[in-house]
Structures are given as structure tokens and as C-alpha cells.
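Let me begin by presenting the structure, written as C-alpha cells, before commenting on it.
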Amino acid sequence: MRNYTGVKDLGNLDEAVKEALEIKKNRFAYKNLGENRTLLMVFFNSSLRTRLSTQKAGMNLGMNTMVLDVNQGAWKLETERGVIMDGDKSEHLLEAIPVMGSYCDIIGVRSFANFESKKFDYEETIINQFIKYSGKSVFSMESATCHPLQAFADLITIEEHKETARPKVVLSWAPHPNALPQAVPNSFADFMNEANIDFVITHPKGYELSEQFVRNARVNFDQMNAFEGADFIYAKNWSAFQDPNYGKILSKDMSWTVSDRQMAITNNAHFMHCLPVRRNMIVTDDVIDGPRSLVIQEAANREIAAQTVIKRILEGLQ
Ligand code: CP
């Protein structure tokens, strides 16, 4: 694998999940693979899970790891081409990226949507510049429109906990005080569409995701109806994708908060969320603290997902 920006880079998804579960049984089996290799993790945005799990994954593989927080202690970076740099940004990505590439073998990049331009976000301008100008393998630690390490960890978690061969998985919008990107639901949909599951997306009207990710999923605007018989509930907030409301909050309807009321009509579903989560906005305390909640297991699997991806990239460098 050269780069990792989406589900397509994993090839056969069943084989990728099997490989991940093998790695989980002995995560130090490949500790020589990354010897004398350096992983650079570049963060334009905050992180807890991605930072720790990806660094741990690199260390499990014997790599040296470095972290750069672009907004804390580094020069402010210009990302647009052709601008007159007379503002507060001291360095352009066009120099910064190849310099970063000169210090490492693999680069992980976290750069959220800025919501100023849907075109800029959905063309994946930042991560694609890293791919183009670093000269190194690049993987997404959540880009403007995708979070494929999260979705891979989610699929591994579903595989571990499913109780039927083809479970019903429901991605549900839930309220949040801030405007959040579509990256997590986009990637979750992308992975679920490739997996052997019955996939349903539920959200209020106006929150339709891009067709490139929704594909064959069934979309239901009635959350209670969508939850009937579900085996997994994956809650997440996202802001509007469709024009003219791109990046806007259209609803804070608390009746969409996942509670015992909705979980009662599921097939004793597991509850999932990528974290961080706003308790009693996205999900009630009772549900997230309940015995069917998988949020900690999901977060733990971030290490396994990252290790599988970095291992495959390292194997491509040999
Ligand atoms: N789920 C996730 O990506 O968490 P962080 O933002 O803490 O990395």
C-alpha cells in the first residue's frame, strides 16, 4: 500500500479485517518491520485517540515516531496557492511538506474541513498536497471528508461483536452544539457499503450526505422506524452537506438523542460512537454507560486499525 485515504486502499475488506484480528492477537509480531523507519504525525486539529493509537501502532511496529502540532509551536501555514503572503502565515505548505517529508518515511495527516469552501474540502486539498509534494507515503488521520482509520476500527469492532451473519447497522444523526464535519459518517458509510451488513442511515431532512458515500444505503428520515430490529446503532452528528447549507447546523432536535426510548425497539443493539461524545446531546448516560455500549472497545481498536495500515505501508517500502 502506498497511501491510505479511504476504504479502496485496503483492497479486499474481509482480508483486511482478518489481518487486523491476527495483528490484535500478537501486536508485537512485526516489531522489526519498522526498524530505522520514522513515522511523522502532523496535526492541524486536536486529537486524543488518533494521536495516541497511531503513535502506539508505530511503536508496536518498531518505528521512531514524531508528532507535529501545526497550530502549537510551528509556523502558521498557508494552504492556498497564489496568495500574497502578507498576513499572519509565515510559511507555505509547498515548502513545509517536502521539508517534513525529508525527515521521515511515512506521514499521517489530520486536517479537518474548514467549511469555507466545499470545493476546497471535497477536493481534499490539504492531504492531496501531502501526497503530491512529500515524496513519502501518506495516510489519513481524518481529512476534510473522510476518517478511514476510524471506520476501519468500527468495522473490526462490528466483526468482533456481531451475533448474526448479516447484522443490521444503523448510522443515526444526533444533535450537537457545534457544526461538525461529515468525515466520520462519510467513511462509516463507505466501509459499511463494502461490508456484508444491512445498512441504514437515518437523519432529519436536510442532512443528506454525499451520494458518493451513501451509495446503496437505505435512507430513512424516521429514526424510530430505522432503529427497529437494529443490531448496531452508530450515533454521530454532522453538519449539512447539501448546498446552500454546507457546513451549517439545521437542527438541534433533542428527540434524536439516542436514549432507552429508541434502543428499546432495536434487537438489543450495541451502541457505537467514535468519541469524543457530548453526553446527553448525542446519547444519554444510560445508553453509553450500559452493557451494550462499545465505545471503549471501538477506541481500543483504533490502535489495531492504524497498525494494520502502517504495516501494509511499511511492507510496500521494503
Ligand atoms: N475518534 C477520533 O478520531 O478521536 P480523536 O479526535 O480524539 O482523535
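A few comments on the model shown:
- Yes/no for SER117 being of a type in the set (Gly, Ala, Ser), away from the ligand (no atom under 13 Å from the Cβ) and touching a Lys or Arg at 6+ places or on another chain (Cβ under 8 Å): no
- Number of positions in region 291-304 that are closer than 24 Å to ILE265 by Cα, outside any loop (DSSP other than H, G, I, E, B), open to solvent by less than 40 Å² (accessible area, probe 1.4 Å) and touching a residue at least 60 places away in the same chain (Cβ under 8 Å): 1
- If you go through region 282-318 and keep only what is more than 16 Å from the ligand (Cβ to nearest atom), closer than 27 Å to GLY229 by Cα and hydrophobic (A, V, I, L, M, F, W, C), you end up with just VAL287.
- Of all residues in region 36-51, those satisfying the criterion of being touching a strand residue (DSSP E or B) at 6+ places or on another chain (Cβ under 8 Å), of a type outside the set (A, V, I, L, M, F, W, C) and within 16 Å of the ligand (Cβ to nearest atom) are ASN45, SER47, THR50, ARG51.
- Here is the figure for region 198-208: residues that are in contact with a helix residue (DSSP H, G or I) (Cβ under 7 Å, 6 or more places away or on another chain) and more than 15 Å from ASP222 (Cβ to Cβ) total 1.
- Filter pass, LYS18 being charged (D, E, K, R) and more than 20 Å from CYS104 (Cβ to Cβ): yes
- Criterion: of a type in the set (Phe, Trp, Tyr) and touching a Gly at 6+ places or on another chain (Cβ under 7 Å) - qualifying residue of PHE115, PHE28: PHE115
Conditions tested, residue by residue: (1) touching a His at 6+ places or on another chain (Cβ under 8 Å); (2) open to solvent by 10 Å² or more (accessible area, probe 1.4 Å).
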| residue | (1), (2) |
| --- | --- |
| GLU228 | no, yes |
| PHE232 | yes, no |
| LYS236 | yes, yes |
| ASP243 | no, yes |
| SER259 | no, yes |
| THR266 | no, yes |
| HIS270 | yes, yes |
| VAL277 | no, yes |
| ASP289 | no, yes |
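- Between LYS25, LYS31, LYS56, the distinction of being surrounded by 13 or more Cβ atoms within 10 Å (Cβ to Cβ), more than 28 Å from PHE112 (Cβ to Cβ) and either without any contact (Cβ under 8 Å) to a residue 12 or more places away in the chain or of a type outside the set (Val, Ile, Thr) (or both) belongs to LYS31 only.
- TRP75 meets all of the listed conditions (1) under 22 Å from ILE127 (Cα atoms); (2) modelled with pLDDT of 95 or more; (3) among the aromatic types (Phe, Trp, Tyr); (4) more than 16 Å from the ligand (Cβ to nearest atom) but one, namely (2).
- Filter result (under 21 Å from ILE158 (Cβ atoms) and assigned to a helix (DSSP H, G or I)) within region 253-290: GLN262, MET263, VAL287, ILE288
- Test: LEU149 is out of contact with any Asp or Glu (no Cβ under 6 Å at 6 or more places or on another chain), closer than 25 Å to GLU123 by Cα, within 12 Å of the ligand (Cβ to nearest atom) and open to solvent by 10 Å² or more (accessible area, probe 1.4 Å): no
- In region 146-161, the residues that are more than 14 Å from VAL109 (Cβ to Cβ) form Cβ pairs under 7 Å with partners that are polar (S, T, N, Q), at six or more places apart or across chains, as follows: GLN150/SER187; ALA151/SER187; ALA153/ASN301; ILE156/ASN301; THR157/GLN297; THR157/ASN301.
- Residue in region 73-81 that is touching a residue at least 60 places away in the same chain (Cβ under 8 Å) and either farther than 12 Å from VAL42 by Cα or hydrophobic (A, V, I, L, M, F, W, C) (or both) present: no
- Odd one out for TRP256, checked against (1) among the hydrophobic types (A, V, I, L, M, F, W, C); (2) closer than 28 Å to ILE127 by Cα; (3) more than 21 Å from the chain's Cα centre (by Cα): (2)
- Test: residue in region 166-181 that is hydroxyl-bearing (Ser, Thr, Tyr) and either open to solvent by 50 Å² or more (accessible area, probe 1.4 Å) or within 16 Å of the ligand (Cβ to nearest atom) (or both): no
The values are calculated or read from the model by the stated rules, or taken from the named source; none is laboratory data. From a predicted model like this one, the values you see are computed outputs, not experimental measurements. Methodologically, a virtual Cβ is constructed for each residue, glycine included, from the backbone with ideal geometry; neighbour enumeration extends over all protein chains shown. We work out accessible area using only protein heavy atoms, side chains counted, and drop any ligands, DNA or RNA first. Shrake-Rupley method; radii C 1.70, N 1.55, O 1.52, S 1.80 Å.
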